[in-house]
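Peer 1: First the structure, then my questions, so here it is.
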Amino acid sequence: MASKLELKDLIRPDNFIDGKWVAAASGKRFGVTNPATGEVIADVADSGEADARAATDAAARAFPAWRDALPKDRAAVLHRWHDLMLENADALGRLISLEQGKPFAEGRGEVLYGASYVKWFADEATRIYGDIIPQQQRGKRMTAVKEPVGIVAAITPWNFPFAMIARKIAPALAAGCTVVGKPAEDTPLTALALVLLAHEAGVPPGVLNLIAASRENAVSAVASWLHDSRVRKITFTGSTPVGKYLARESAETLKKLSLELGGNAPFIVFDDADLDAAVTGLLVSKFRNGGQTCVCPNRVYVQSGVYEKFGDMLAKRVAALKVAPGTDPDAQIGPMINARAIDKIARHVDDAVAQGARVLAGGKRLTALGPNYYAPTVLADATPAMQLSCEETFGPVVPLFRFDDEAEALRAANDTPFGLASYFYSQDIRRIDRVSRGLEAGIVGINEGALASEAAPFGGVKESGYGREGSKYGLDDYLSIKYLCQGGLE
Ligand code: ADP
C-alpha cells in the first residue's frame, strides 16, 4: 500500500479485529452522516457483544508478545504511525471535516495535535523507569518496576474524532498494553482511518482492535468489556453521566479508570485585564470547534468596571466570524454535530432571553446554510438561574455574567460540580497567584486561551473526572507498579 492516501482510501466502514477488516457478526450496519448536509457518507459495521468479545480475545492473545517487546521497538512502531499521520494530514483533515463538520483547517490542525501525542508517547516508551529502594535489611534487595496494566478499552467522543482516540491509544501501546476501542457513533470513520495507518506502521495483529457501533448497540458492546475481567482498564472521554455509569458497571471487576468528563469552564475578566488580549483569548478558547470542546469557556464573568466595554469589543469580533460548511476555505465555524446539539443550544439561548438576557450578537439558527448551523452568539446580563449557567452548552454561545469583586468571582466560578478548565485575565501579580490557587479546576489558563499541549497534563477534578492525558504523568494511567523483594543475597 502506498503511504500517501486519498480521502476515499481512508474510508473503511468495517471493524478492525486481529489485524483484519471484518463486518459485524450480526451483519448490521448504520449510516454515518455529514453534519453539513445530512447525507450518508458510509454504512458502517454496527457491532454488538460478539464483536466486542472477539476484539478482547484478539487483544488477549497479542498481549504477552507486545508487553515483552523491547521498548525501543514499540517506540519505532509509534514513530512510524506518527509519520504516516503527518504524510496523510490533508486527507485525514478532510475526513474529519466531512464527518464531524469542523473547518478543514481545524481538522488538519487536529491531526497535527493528535499526532503530537503519538510522538510524545513514542519517546516516553523508552523512559519507563523503576526504582531501587534503599536497602532496609542485609541480604534483601527491594525494587519497584512498572508493568503495562493489560488490555485497555478506549471509548471516545465525536468532538475530536482523531485526537481523543490517538491520545489514548498512544500511551497504551507505549506502555505495552493492547487495546480494544469504540469511537463515537457520529464519527467512527476517522478512528477507523487511524487504525488503518497503525496497521501500515507495523502495529501487530491483535494489539489494536476497533469496533464501531450505533448508540443503541454501543451499550451491549461496551458492557462486554466492562464485565470482562481480562480488560484491566477503561479510558473514556465523554459526558459525566456515561462516565459514572462506566465506573459503576466496571466496579464489579475493579478496573483502573481514566475519565475525562464534562466541564463548565469559567472565564474571568478582571478590571485590570488587558482587554484586547482577553477578547482574543476568549475567541480562541470559546470558538474552537464551534464551541464543542470540553475546555470551552461556558460562563464568562466580567468585572463591572469593564463589563459594557468588554461586551461591545467581544460582540464586534464575534459578529465578524464566518459560519460556513467545513469545506469553505474561509469557514471559521462549521455546522454543529447533529440535531440534538443544535436543539440544546437553541434551548439555552431561548431560556436565557426569556429570563432577561440581552442579545449582543447572533442569537439564532442559520437555517439558510443547513439544519445544523447556529450563529455565534454573545448574551449580556446572564444570571445563575439560566440553564446555560449550570449545563454545558457545547456550542458557539458566550453568556456574560457581571461581578463586583474577586471573592464573588471565585465563588461563582467554583459553584459547579465540574472542574476541568478555567481561565482568567488580570495583570495584577498578587491576584494571579490568589486566583490560580483558588480555582477548583485541573487546568488554569492565565492570560492565555490556548492551553492544549502534549507536554502538559490534561484532566479534571470533581465531576470532570480523573486521570491525566499527555505529559510525563500520562503513562502512569497505563502502568501498574510491581514491588520485587529478593532475599537470600548474603
Ligand atoms: P456526548 O454527549 O458527547 O455524545 P457521551 O458520553 O454520550 O457524550 O458519548 C461518549 C462516548 O460514550 C461515545 O462513544 C458513546 O457511544 C459512548 N456511550 C454513550 N452511552 C454509552 C453507554 N451507555 N454505554 C457505553 N458507551 C456509551
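The values are calculated or read from the model by the stated rules, or taken from the named source; none is laboratory data. No experiment lies behind these values; they were computed from the predicted model shown. Positions of Cβ are backbone-derived with ideal geometry, glycine not excepted, and every protein chain shown enters the neighbour counts.
Peer 1: Out of segment 139-155, which residues are surrounded by 24 or more Cβ atoms within 10 Å (Cβ to Cβ) and over 23 Å from D123 (Cβ atoms)?
Peer 2: Passing the criteria: I151, A153, I155.
Peer 1: Next up: Is segment 449-463 home to any residue that is in the same structural domain as E392 (by TED's automatic domain parsing) and part of a strand (DSSP E or B)?
Peer 2: No, segment 449-463 contains no residue that is in the same structural domain as E392 (by TED's automatic domain parsing) and part of a strand (DSSP E or B).
Peer 1: Can you confirm whether T377 is in the same structural domain as R340 (by TED's automatic domain parsing), more than 16 Å from the ligand (Cβ to nearest atom), out of contact with any Phe, Trp or Tyr (no Cβ under 8 Å at 6 or more places or on another chain) and closer than 16 Å to A441 by Cα?
Peer 2: When the stated conditions are applied, T377 does not pass them.
Peer 1: Next up: What are the pairs with Cβ atoms under 9 angstrom where one residue, in segment 242-253, is touching a residue at least 24 places away in the same chain (Cβ under 8 Å) and the other, located anywhere, is of a type in the set (D, E, K, R) and within 12 Å of the ligand (Cβ to nearest atom)? Sequence gap at least six, or different chains.
Peer 2: Cβ pairs passing all conditions: G243/E260.
Peer 1: Go through segment 270-309 and give me each residue that's crowded, with 24+ Cβ neighbours inside 10 Å and over 29 Å from G467 (Cα atoms).
Peer 2: Answer for segment 270-309, where residues must be crowded, with 24+ Cβ neighbours inside 10 Å and over 29 Å from G467 (Cα atoms): A278, V302.
Peer 1: May I pose another question? Surrounded by fewer than 19 Cβ atoms within 10 Å (Cβ to Cβ) and among the polar types (S, T, N, Q): is that true of T327 in this structure?
Peer 2: Yes: the conditions hold for T327.
Let's see how each residue does on (1) buried (at least 24 other Cβ atoms within 10 Å of the Cβ); (2) within 10 Å of the ligand (Cβ to nearest atom):
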| position | (1), (2) |
| --- | --- |
| I132 | no, no |
| N159 | yes, yes |
| T178 | yes, no |
| T187 | yes, yes |
| H199 | no, no |
| G202 | no, no |
| I211 | yes, no |
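Peer 1: Regarding segment 371-389, can at least one residue be identified that is modelled with pLDDT of 95 or more and under 21 Å from the mean Cα position of the chain (by Cα)?
Peer 2: No, segment 371-389 has no match at all.
Peer 1: Say whether the condition of being under 20 Å from the mean Cα position of the chain (by Cα) and acidic (D, E) is met by at least one residue in segment 177-188.
Peer 2: Within segment 177-188, one or more residues are under 20 Å from the mean Cα position of the chain (by Cα) and acidic (D, E).
Peer 1: Among the residues of segment 354-370, write down those that are at negative phi, among the small types (G, A, S) and surrounded by 13 or more Cβ atoms within 10 Å (Cβ to Cβ).
Peer 2: A357, A361
Peer 1: Also, I was wondering about something else. Which ones in segment 431-490 are free of Cβ contacts under 8 Å to residues at least 60 places away in the same chain and in contact with a Leu (Cβ under 7 Å, 6 or more places away or on another chain)?
Peer 2: If the condition is that a residue be free of Cβ contacts under 8 Å to residues at least 60 places away in the same chain and in contact with a Leu (Cβ under 7 Å, 6 or more places away or on another chain), then G438, G442 are the ones that fit.
Peer 1: Only one of Q387, Q427 is over 28 Å from P241 (Cβ atoms) and not assigned by TED's automatic domain parsing to the domain that holds A247; which?
Peer 2: Being over 28 Å from P241 (Cβ atoms) and not assigned by TED's automatic domain parsing to the domain that holds A247 holds for just one of Q387, Q427, which is Q427.
Peer 1: To continue, here is another question. V149 - would you say it is touching a residue at least 40 places away in the same chain (Cβ under 8 Å), over 18 Å from the mean Cα position of the chain (by Cα) and farther than 30 Å from S250 by Cα?
Peer 2: Considered against the rule, which asks whether it is touching a residue at least 40 places away in the same chain (Cβ under 8 Å), over 18 Å from the mean Cα position of the chain (by Cα) and farther than 30 Å from S250 by Cα, V149 comes out as no.
Peer 1: If you scan segment 206-224, which residues turn out to be touching a Ser or Thr at 6+ places or on another chain (Cβ under 9 Å) and under 19 Å from G176 (Cα atoms)?
Peer 2: Listed by number, the residues that qualify are G206, V207, L208, N209.
Peer 1: Out of all the residues in segment 246-292, which are more than 16 Å from the ligand (Cβ to nearest atom), within 18 Å of the chain's Cα centre (by Cα) and basic (K, R)?
Peer 2: The one that is more than 16 Å from the ligand (Cβ to nearest atom), within 18 Å of the chain's Cα centre (by Cα) and basic (K, R): K286.
Peer 1: For A154, are the conditions met, namely being in contact (Cβ under 8 Å) with a residue 12 or more places away in the chain, within 16 Å of the ligand (Cβ to nearest atom) and of a type in the set (A, V, I, L, M, F, W, C)?
Peer 2: yes
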